[in-house]
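**Student:** If you scroll down you'll find the structure; I have some questions about it.
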Amino acid sequence: MEIKQDWVIPLNAAQFLDAQPDSFVRLLNSPKMRATFDQAVEEVRQALEPRACWERFPIRAIRHDKVVLADGTRLGGGPLVRVVAGAQELVLAVCTIGAQPDALIAAARRANQWFKMTLFHELSAWAVGLLRQELCHHLARVFQAEGLRVSAPLSPGESEWPVTDQKVIFALLDATQIGVSLNDSMMMQPIWSLSLALGCGRHAMGVEEASNCAFCTIQERCRYRAYVAAQRAEGKG
Ligand code: SF4
């Protein structure tokens, strides 16, 4: 298993605000609200502990909507098979921004600082999304350097791929080595963590040139999707 902990996650306030509704941006016309926002960005920036782990698993076969790995493990459902069709290996990964952002949210909640709590929540969601993009970009670079192609990434529970496959991913990948565990409700601890899968191999794959947003069940109402697309257009994710 590979582990990488030296990620640089630039929490750029202007880019974050570009993805926010105008009503929110107008709120920051108040110097007091703006000061709270700037402080929250800095506190989350200081709290980030980005880590990721991943491993490659040879694929034995595709059976209906399931990928069968060399050891007989099956996972899939939703778009997984369509996306990784043609892959020789399935790469499973878990990443996290650590437990501190959640501690910031809990402290703000105890202090009834609702605006700050909301800011911490949104900024943490933004940061883990940025980490995922960095991770996908890094994996693509590593595999392309080996002459391999990579498919679009997918996360269980985000697309039609059932969230119950998180259990399979955590059985195959020892994410406790980066401090991430999965509870019986399929929730990861720390909560600002996510898992993903992508296919790699020498042959063309089902879907290569797409982000996970293309399969996301809330893509129509997600305000971060445009940002992810812009980043991809700039070759950053
Ligand atoms: S559409 Fe939004 S929620 Fe869905 S994967 Fe993309 S950024 Fe995440």
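The values are calculated or read from the model by the stated rules, or taken from the named source; none is laboratory data. Just so you know, these numbers come straight off a predicted model, no measurement behind them. Glycine gets a Cβ as well: all are built from the backbone with ideal geometry, and neighbour counts include every protein chain shown. Ligands, DNA and RNA are stripped out before the accessible areas are found, and what is left, the full protein with its side chains, is counted by its heavy atoms. Shrake-Rupley method; radii C 1.70, N 1.55, O 1.52, S 1.80 Å.
**Student:** Report, by residue number, each residue of region 130-187 that is of a type in the set (S, T, N, Q), in a loop (DSSP other than H, G, I, E, B) and either closer than 18 Å to Asp6 by Cα or in contact (Cβ under 8 Å) with a residue 24 or more places away in the chain (or both).
**Tutor:** From region 130-187, those of a type in the set (S, T, N, Q) are 133, 144, 151, 155, 159, 164, 166, 176-177, 181, 183, 185; that's our starting set.
Going one step further and asking which of them are in a loop (DSSP other than H, G, I, E, B), we end up with 151, 155, 159, 183, 185.
Of everything in region 130-187, those that are of a type in the set (S, T, N, Q), in a loop (DSSP other than H, G, I, E, B) and either closer than 18 Å to Asp6 by Cα or in contact (Cβ under 8 Å) with a residue 24 or more places away in the chain (or both) turn out to be Ser151, Ser155, Ser159.
**Student:** Okay, moving on. Given Ala125, Ala106, which one is surrounded by fewer than 22 Cβ atoms within 10 Å (Cβ to Cβ), away from the ligand (no atom under 15 Å from the Cβ) and among the small types (Gly, Ala, Ser)? Spell out the reasoning first.
**Tutor:** Working: Ala125 fails: away from the ligand (no atom under 15 Å from the Cβ).
Within the list Ala125, Ala106, the selection yields Ala106.
**Student:** When you scan region 202-209, do you find a residue that is surrounded by 12 or more Cβ atoms within 10 Å (Cβ to Cβ), touching a residue at least 40 places away in the same chain (Cβ under 8 Å), among the charged types (D, E, K, R) and in contact with a strand residue (DSSP E or B) (Cβ under 7 Å, 6 or more places away or on another chain), even just one? Full working, then the answer.
**Tutor:** Just the residues of region 202-209 that are surrounded by 12 or more Cβ atoms within 10 Å (Cβ to Cβ), to begin with: 205-208.
If we keep only those that are touching a residue at least 40 places away in the same chain (Cβ under 8 Å) as well, we get 205-208.
Remaining after also requiring among the charged types (D, E, K, R): 208.
Those still in the list that are in contact with a strand residue (DSSP E or B) (Cβ under 7 Å, 6 or more places away or on another chain) too: 208.
Among the residues of region 202-209, at least one is surrounded by 12 or more Cβ atoms within 10 Å (Cβ to Cβ), touching a residue at least 40 places away in the same chain (Cβ under 8 Å), among the charged types (D, E, K, R) and in contact with a strand residue (DSSP E or B) (Cβ under 7 Å, 6 or more places away or on another chain), which makes the answer yes.
**Student:** Of the numbered conditions (1) open to solvent by 60 Å² or more (accessible area, probe 1.4 Å); (2) within 16 Å of the ligand (Cβ to nearest atom), Gln177 satisfies every one except a single condition; which is it?
**Tutor:** It is condition (2) that Gln177 fails.
**Student:** Can you tell me how many residues within region 194-235 are within 14 Å of the ligand (Cβ to nearest atom) and not hydrophobic (A, V, I, L, M, F, W, C)?
**Tutor:** Summing the residues that are within 14 Å of the ligand (Cβ to nearest atom) and not hydrophobic (A, V, I, L, M, F, W, C) in region 194-235 gives 13.
**Student:** Continuing with this model, one more query. Out of all the residues in region 180-201, which are touching a Leu at 6+ places or on another chain (Cβ under 8 Å) and open to solvent by 30 Å² or more (accessible area, probe 1.4 Å)?
**Tutor:** Narrowing region 180-201 to residues touching a Leu at 6+ places or on another chain (Cβ under 8 Å): 188-189, 195-201.
Gln189, the sole residue that qualifies.
**Student:** Could you check Leu139 against (1) surrounded by 20 or more Cβ atoms within 10 Å (Cβ to Cβ); (2) within 16 Å of the ligand (Cβ to nearest atom); (3) over 21 Å from Gly78 (Cα atoms) and say which number it fails?
**Tutor:** Leu139 satisfies all of (1) surrounded by 20 or more Cβ atoms within 10 Å (Cβ to Cβ); (2) within 16 Å of the ligand (Cβ to nearest atom); (3) over 21 Å from Gly78 (Cα atoms) except (2).
**Student:** Ok, one more. I'd like to verify a number: residues in region 15-70 that are assigned to a strand (DSSP E or B) and open to solvent by 50 Å² or more (accessible area, probe 1.4 Å), how many? Step through it out loud before you land on a result.
**Tutor:** Step one: of region 15-70, the residues assigned to a strand (DSSP E or B) are 51-63, 66-69.
Checking the rest, the ones that are also open to solvent by 50 Å² or more (accessible area, probe 1.4 Å) come to 55-56, 58, 60, 62-63, 66.
So the count comes out to 7.
**Student:** Residue check, Cys95 against (1) under 21 Å from Ala19 (Cβ atoms); (2) in a helix (DSSP H, G or I), all met but one. Which one?
**Tutor:** (2)
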